[in-house]
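Below: the structure, in structure tokens.
The values are calculated or read from the model by the stated rules, or taken from the named source; none is laboratory data. What you are looking at is a predicted structure, and each value in this text was computed from that prediction instead of being measured. Note that each Cβ is placed from the backbone with ideal geometry, even for glycine, and that neighbours are counted across all protein chains shown. Just the protein is used for accessible areas: all its heavy atoms, side chains included, with ligands, DNA and RNA removed. Shrake-Rupley method; radii C 1.70, N 1.55, O 1.52, S 1.80 Å.
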Amino acid sequence: MQNAKQDLRERTKAFALRIIKLSASTNKHSEEARIISRQLLKSGTSIGANYAEATRARSKAEFISILGISLREAEESLYWIELLESADIVTEKSIEPLRAETRELIAILVTSINTTKKPSR
């Protein structure tokens with residue numbers, strides 16, 4: 001289990017770094033692009049920060065609660081990514097790998113929450 005936690009910690013950190021780079025590149029565009037990019041920067045970097053906090057939770061309930069915050073931030077990030085594309089700020093081709101990774105992180109977080117909610121035997 002420790003390896004899975006470390007892997008997800010590294011994956012969410014790598015995701016945050018990709019978001020930082022995307023934000024830096026879109027900040028050279030319009031005011032709208034900067035605003036959307038800033039929102040994505042906040043939510044995209046919060047996923048890993050909250051996950052790291054969840055791994056230090058004092059109880060199962062606290063772990064689920066904090067992981068839920070990571071999930072909400074991931075869902076919000078997907079929204080901003082899709083908005084960047086819909087507004088023609090970024091191309092579908094350039095954003096698709098990030099969108100795919102966001103969806104994978106969402107799936108992992110949902111699975112983690114659901115698995116943790118199952119009663120212990």
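For the reader, a short list of remarks on this structure follows.
- Residues in segment 63-121 that are open to solvent by 40 Å² or more (accessible area, probe 1.4 Å), more than 18 Å from residue 52 (Cβ to Cβ), among the β-branched types (Val, Ile, Thr) and in contact (Cβ under 8 Å) with a residue 24 or more places away in the chain: 1 in all.
- Against the conditions (1) part of a loop (DSSP other than H, G, I, E, B); (2) farther than 18 Å from residue 115 by Cα, residue 56 satisfies every one except (2).
- Residues of segment 28-38 include none that is closer than 23 Å to residue 110 by Cβ and either outside any helix (DSSP H, G or I) or of a type outside the set (Gly, Ala, Ser) (or both).
Here is a yes/no grid of residues against (1) aromatic (Phe, Trp, Tyr); (2) in a helix (DSSP H, G or I):
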residue	(1), (2)
64	no, yes
67	no, yes
80	yes, yes
88	no, no
98	no, yes
103	no, yes
106	no, yes
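- Taken over segment 1-24, residues that are part of a helix (DSSP H, G or I) and at pLDDT below 90 amount to 5.
- Here 53, 73, 32, 10 are screened, and the one residue that is of a type in the set (D, E, K, R) and under 26 Å from residue 120 (Cβ atoms) is 53.
- Cβ-Cβ under 6 Å pairs, at least 6 apart or on other chains, segment 1-30 side open to solvent by 30 Å² or more (accessible area, probe 1.4 Å), far side polar (S, T, N, Q): 5/55; 27/37
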